[in-house]
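Encoded as structure tokens, the structure appears first; notes follow it.
Coordinate-derived values only; no laboratory data. Predicted model, so just to flag it, every value in this text is computed and none were measured.
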Amino acid sequence: MRKPSLDKSFGYAFRGIGIMILSERNFQIHLFALLINFFLIIALQLNSADAAIIIIVSVIVLITEMLNTCVEKICDFIHPEFHLSIGKIKDISAGAVLVATLGALVTAILIYGKYL
Ligand SMILES: Nc1ncnc2c1ncn2[C@@H]1O[C@H](COP(=O)(O)OP(=O)(O)OP(=O)(O)O)[C@@H](O)[C@H]1O
């Protein structure tokens with residue numbers, strides 16, 4: 001199969017982000033959290049290192065949410081019926097999002113705590 005051109009590849013990637021924004025509620029919530037963080041970074045005048053850490057942990061949460069959605073969709077595609085293994089796979093994938101979110105929360109408390 002021929003490889004798609006660079007602009008088409010970017011187009012597919014942006015379509016993937018668009019699908020997440022339009023149809024995944026949890027992703028919308030995490031994206032909203034990132035916007036609040038941008039606001040706080042400016043309002044509290046965080047230094048560039050602290051701002052970078054906040055942005056990195058927020059983006060990690062968004063990425064894990066995207067990968068979790070991929071896992072869910074693959075599971076639903078290959079095995080739509082109930083299966084214990086599918087349940088475990090989905091639970092572990094959701095657990096990854098929770099780990100990233102809790103890590104981001106603790107990081108935010110530690111960093112914003114210095115500015116309040
Ligand atoms: N086919 C299945 N077989 C067994 N258990 C399943 C199956 N589908 C879902 N589950 C169980 O239901 C939980 C929720 O799965 P679901 O696919 O509905 O994700 P979700 O809660 O809609 O996630 P999100 O809110 O991120 O979209 C899974 O973590 C798993 O425990």
Just tell me which aspartates and glutamates come within less than 12 Å, Cα to Cα, of LYS3; anything on the same chain fewer than 8 places away is out. none
Would you mind pulling out the separation of the Cα centroids of the stretch 74-89 and the stretch 98-116, in Å? 33 Å
Can you give me the orientation-averaged projected area of the convex hull built on the Cα atoms of the chain, in nm²? 9.7 nm²
Along the stretch 66-77, Karplus-curve 3J(HN,Hα) (6.51, -1.76, 1.60; θ = phi - 60°) to the nearest Hz, with x for Gly and Pro, reads 5, 5, 4, 5, 4, 4, 4, 5, 5, 4, 5, 6
At a threshold of 8 angstrom on Cα-Cα distance, excluding pairs fewer than six apart, so keeping six or more, what relative contact order does the chain reach in percent? 27 percent
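Would you compute, from DSSP H runs of 4+ residues alone, the mean residue ellipticity of the chain at 222 nm, taking -39500 (n - 2.57) per run and dividing by the full residue count, rounded to the nearest 500?
After summing the helix terms and dividing by residue count, I get -30500 deg cm²/dmol.
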With Rg and the Kirkwood Rh both taken from Cα atoms, where does Rg over Rh land for the stretch 14-60? 1.07
Can you give the log10 of the normalised intensity I(q)/I(0) at q = 0.23, 0.26, 0.28 Å⁻¹, computed with Debye over equal Cα scatterers of the stretch 21-88? -0.96, -1.08, -1.15
